[in-house]
Each structure stands twice: as C-alpha cells, then as structure tokens.
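Novice: Before anything else, here's the structure in question.
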Amino acid sequence: MQRTRNSMSSFARRPLALAATAVTGSLVLAACGAGGPSSGGGKISDDKVVLGLLNDQSGVYKDLSGPNSKVAIEMAVADYKAKYGDKAVAKNIEIVQADHQNKPDIANTKAQEMYDRQKADIILDVPTSSAALAVATQAKAKKKLFIDIGAGTTALTGKSCNKYTFHWAYDTYMLAQGTGATAVQNGGKNWSIVYPDYAFGQDMTKSFTNAVTKAGGTVQQSIATPFPNDNFSTFITKAESSKPNVIGIMAAGGDLINFVKQFNQAGLQGKTQLAVGLMFITDIHSLGVDQFQGTQFTDAWYWNFDDQNRAWADKFKAKTQTRPSFAHAGNYSAALQYLEAVQRAGTDNSDAVVKELEGKKLNDVFLRNGEVRAADHRVLHDAYLVKVKSKDQVKEEWDYEEVVSTIPAAEAFNPTVSTDCTM
C-alpha cells in the first residue's frame, strides 16, 4: 500500500458529567426570528430542524464519544449559524439525545422515539455495531436520515445499507488495512485474535483475518469474549498458548483498557506484539502512554495533526476541558455537513437532503479529501497509521500519537461496493 509520509516536525506545537437518563432535555439554538415564508421556514418540517444524538452516555464508550459529542454538535450548529446568519434555511435547530446503553433493543426503541415523538430529522453517532444496525432499520422505515460515526461494521454499507443511512468515520475494513497488513509486513505473521462476540467484533475479526492472510500472515486462533467484559485473563492465556507473534485485540473503550491492563500484568508487554484494532485517544489518556507505548493502530483523525485540527480542538477543550477523539470530530463534521445539505436543498425533506449529500466531495476539519460514495453511502476520507509515543516524547497532555503515514482516501476504504448493498 502506497502512503504519503507525514513528518512529525510539521505538527503544530502551539499552545460532565451528565445523568444517564433514557432521554435528556433538549437544547434549542435559535437565531433571531422564527423563520417565515420569506426565509424558507415554510419548507422546514415542524418549523425546526431536530438533530438526534444517540450513543453510550454512561458505559464503556461514554468517554470516546458520549456526552461530549453533544458539545461537538453544538459547535457545528454555531458555525452554521455564524456562516449563514439571516440567510440560514434552518432558523430553529434543536438537539435531543438519548443513551442506548450499547443494547440494540434499546437503540431501536430510542430511535423510534426520536423519529416519531421528538420529530428528529436525523440521528447521529450510535457506537456499538448491533445498535447501529437497529437504527439503520428504523431510518429506512421512517425515511429519516441516520449518519453513523461510532460503529465500525461494514454491514452499514453492505446488506444493511439503505437510502437514508450514511457511514461517516471509519469501518473495520479501514482499520484492518492499516493495522493488520502493516503488522504482517513488520514481521508479525502469526496471529491470535481476541474479539467481543457481537456484530462489531465479528466483523473486525473477519476484516483483520482477510487483511492478515492477504499480506502473507496466518490467524491461528479467533477467540470470542462476552461484551462488555472486565476479566480477560483466561482469554489472554488461551491466545498466548499458540505462541503467536501478534495478539490482536478487537475490543474498544473500557473493554480495551481492561484487556491491555491484564495483558501487561501477564508480563506480555514487549514479549508478544499487541495489535489494537480500534483505539481512541481517550483510551490512551485513561490508561497512560506507558501502557500503550509503541503500539501502532489506524486512526480516523488526530487533534494535533495540523493547525486546522488543533484550532478546532482548542475550542472543544475550552468547552469540555478535554481533547476530542475522532468520534467527537466526526459528529461535528456530520452535523455540519447535514446542515449544509439542508441549506443547499432549501428544506429538511429527507429525500432532498440525501440528494444533496450523495456524490459530494467534502472537506472540513474531520474530512480530508472526503467524498460521499453514492452507491452505498460510504464516506471516503484520508486515514492515518499512528504510533503511541513513549512517555519522554510527550510534550504536553494529550500529545500521545505520532502519525507514521497518511493513508489516502482511495486506499483507506474498500474500493468495491458490496453486492449485498441495494438502495
């Protein structure tokens, strides 16, 4: 895979708790004026645009996205209002949110409530692939938009694709192409894979197995674990039993942190290479760079990649006292581009907005060389192969990643549209 190199010397070096309720209160952000016929208000359903945030507000994924994704969406609304002012098609914008608790049945119910009772025009985020697949079904049934940021399953652009669902940030193919193939090229030919036994983990294992095998490696074991899980000791022992060069962990968030703690406690750090399928900067911050140092993984976005990212991350930090993960930046991007599509369409009618997104080339703080593939609604963009710094390399808090190379958008994602996808 050909990659464009990035030097760390080019990096910029300038200087919530919310209750875990089923549905929290909404925030209304309105410009002056209610929006009459002359302002296009008559073309906006219920005289307002409603953005729904559905994610894990209280569990293993709350730090990587959770409550702070609402802040990111608020930032998108503010930037849209600042750009268009009195010419904004969306005069009244409301944000509603709910906690799906990483359970597909709850996600299904909350999505119905958002679309039907709260009149959401779009649902954003939805980590946990099984939950995302449930929401995609509701989006199709209700003919309302769903832009997924937090889930990785390729089924969203495969057998579960539909006209109203878009996959924005990453997928398991992207992660495997960057991390899996690179590890094999660096000598990690024999693998044991440990994965959470639900849609995301199953899809990750399939994608990594394909990437490792294609690169000339072998997956000796694929070991399923419960989700969520806090005790991985038995699974680590089993993974090590085949004497692999690489143990690949396909868990994320709190489960990943628990696994790495126990992997290191077992004395395997520095002895057996650890490949992390999906990692967020919040995971590194929670456990510490010394626990992850040298670990390579594929990232969809990094806050300190360049001046543009850092400037946005500074605004985010001023509001949250923390640096953003790629999920936070992805939610900002998705909300902003949805509002831009509403602006172009002159309405929040779902079919009209979909038409304004399909096939569009997009660039913003998250999307570099972005494009919405019309055939399956996979959003293509540059991705990054990164390495966790050692403690002595960290120059400031949250400065944890070294970008090894940029993976161009055309190479980062599967170039082939799935035959299972029928819009």
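The values are calculated or read from the model by the stated rules, or taken from the named source; none is laboratory data. This structure is a prediction, so every number in the text was calculated from the model and none was measured. Please note: Cβ atoms are built from the backbone with ideal geometry, for glycine as well, and neighbour counts cover all protein chains shown. Quick note on the areas: whole protein, heavy atoms, side chains included, nothing else; ligands and nucleic acids left out. Shrake-Rupley method; radii C 1.70, N 1.55, O 1.52, S 1.80 Å.
Novice: Which of the numbered conditions does N309 fail, given that it passes all the others? Conditions: (1) surrounded by 24 or more Cβ atoms within 10 Å (Cβ to Cβ); (2) under 19 Å from A409 (Cα atoms).
Specialist: Exception for N309: condition (1).
Novice: For the stretch 144-159, how many residues are closer than 15 Å to N108 by Cα and either assigned by TED's automatic domain parsing to the domain that holds A252 or over 18 Å from the mean Cα position of the chain (by Cα) (or both)?
Specialist: So the count comes out to 1.
Novice: Moving on to the next point. Could you list all residues from the stretch 125-143 that are farther than 22 Å from M279 by Cβ and either open to solvent by 10 Å² or more (accessible area, probe 1.4 Å) or under 17 Å from the mean Cα position of the chain (by Cα) (or both)? Write out each step before concluding.
Specialist: Residues of the stretch 125-143 that are farther than 22 Å from M279 by Cβ, as a first pass: 133-143.
If the condition is that a residue be farther than 22 Å from M279 by Cβ and either open to solvent by 10 Å² or more (accessible area, probe 1.4 Å) or under 17 Å from the mean Cα position of the chain (by Cα) (or both), then L133, A134, V135, A136, T137, Q138, K140, A141, K142, K143 are the ones that fit.
Novice: It is to be established whether one or more residues within the stretch 85-97 are at pLDDT 95 or above, touching a Cys at 6+ places or on another chain (Cβ under 8 Å) and among the basic types (K, R).
Specialist: For the stretch 85-97, residues at pLDDT 95 or above, touching a Cys at 6+ places or on another chain (Cβ under 8 Å) and among the basic types (K, R): absent.
Novice: Also, I was wondering about something else. Considering only residues of the stretch 230-241 that are surrounded by fewer than 19 Cβ atoms within 10 Å (Cβ to Cβ) and modelled with pLDDT of 95 or more, which is nearest to the chain's Cα centre (by Cα)? If you could, list the steps in order and put the result at the bottom.
Specialist: Taking the stretch 230-241 as the starting set, the residues that turn out to be surrounded by fewer than 19 Cβ atoms within 10 Å (Cβ to Cβ) are 230-231, 233-234, 237-238, 240-241.
So of that shortlist, the ones also modelled with pLDDT of 95 or more come out as 231, 233-234, 237-238, 240-241.
On the way: N231: 25, S233: 28, T234: 30, T237: 30, K238: 30, E240: 30, S241: 33 Å.
That would be N231.
Novice: Considering only the stretch 213-232, I want to know if a residue exists there that is under 17 Å from G188 (Cβ atoms), of a type outside the set (V, I, T), touching a Leu at 6+ places or on another chain (Cβ under 9 Å) and part of a helix (DSSP H, G or I).
Specialist: no
Residues checked against (1) open to solvent by 40 Å² or more (accessible area, probe 1.4 Å); (2) farther than 18 Å from D47 by Cα:
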position	(1), (2)
A90	no, no
Q97	no, yes
M114	no, no
K119	yes, no
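Novice: So how many residues does the stretch 383-420 have that are open to solvent by 20 Å² or more (accessible area, probe 1.4 Å) and within 30 Å of Y338 (Cβ to Cβ)?
Specialist: Residues in the stretch 383-420 being open to solvent by 20 Å² or more (accessible area, probe 1.4 Å) and within 30 Å of Y338 (Cβ to Cβ): 10 in total.
Novice: Do any helices (runs of 4 or more DSSP H) entirely within the stretch 289-350 hold 3 or more residues that are at pLDDT 95 or above and out of contact with any Asp or Glu (no Cβ under 6 Å at 6 or more places or on another chain), and if so, which?
Specialist: Values: elements: 289-292, 307-320, 326-345.
Passing ranges, in order: 307-320, 326-345.
Novice: Determine, yes or no, whether S65 is open to solvent by 50 Å² or more (accessible area, probe 1.4 Å), modelled with pLDDT of 90 or more, in the same structural domain as S129 (by TED's automatic domain parsing) and not in a helix (DSSP H, G or I).
Specialist: Details: open to solvent by 50 Å² or more (accessible area, probe 1.4 Å): no; modelled with pLDDT of 90 or more: yes; in the same structural domain as S129 (by TED's automatic domain parsing): yes; not in a helix (DSSP H, G or I): yes.
Considered against the rule, which asks whether it is open to solvent by 50 Å² or more (accessible area, probe 1.4 Å), modelled with pLDDT of 90 or more, in the same structural domain as S129 (by TED's automatic domain parsing) and not in a helix (DSSP H, G or I), S65 comes out as no.
The rows are residues; the columns are (1) part of a loop (DSSP other than H, G, I, E, B); (2) within 17 Å of the chain's Cα centre (by Cα); (3) more than 16 Å from A335 (Cα to Cα).
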| residue | (1), (2), (3) |
| --- | --- |
| V353 | no, no, no |
| D364 | yes, yes, no |
| L367 | yes, yes, no |
| D376 | yes, no, yes |
| V379 | no, yes, no |
| E396 | yes, no, yes |
| A410 | no, no, yes |
| S418 | yes, no, yes |
| C421 | yes, no, yes |
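Novice: Of all residues in the stretch 160-175 being over 11 Å from the mean Cα position of the chain (by Cα) and assigned to a strand (DSSP E or B), which is surrounded by the most Cβ atoms within 10 Å (Cβ to Cβ)?
Specialist: Only one residue fits best here, namely F166.
Novice: If we scan the stretch 195-208, do we find a residue that is surrounded by 16 or more Cβ atoms within 10 Å (Cβ to Cβ) and over 23 Å from the mean Cα position of the chain (by Cα)? I'd like the intermediate steps shown before the answer.
Specialist: Going through the stretch 195-208, the residues surrounded by 16 or more Cβ atoms within 10 Å (Cβ to Cβ) turn out to be 195-196, 198-208.
With over 23 Å from the mean Cα position of the chain (by Cα) added as a condition, the list becomes none.
No.
Novice: Same structure again: Within the stretch 339-364, which residues are open to solvent by 10 Å² or more (accessible area, probe 1.4 Å), of a type outside the set (D, E, K, R) and either on the phi > 0 side of the Ramachandran plot or in contact with a Leu (Cβ under 9 Å, 6 or more places away or on another chain) (or both)?
Specialist: Hits for the stretch 339-364 are G346, S350, G359.
Novice: Here's something else I'd like to know. Kindly evaluate A82 against the criterion of being in a helix (DSSP H, G or I), more than 22 Å from the chain's Cα centre (by Cα) and at pLDDT 95 or above.
Specialist: So A82 passes the test.
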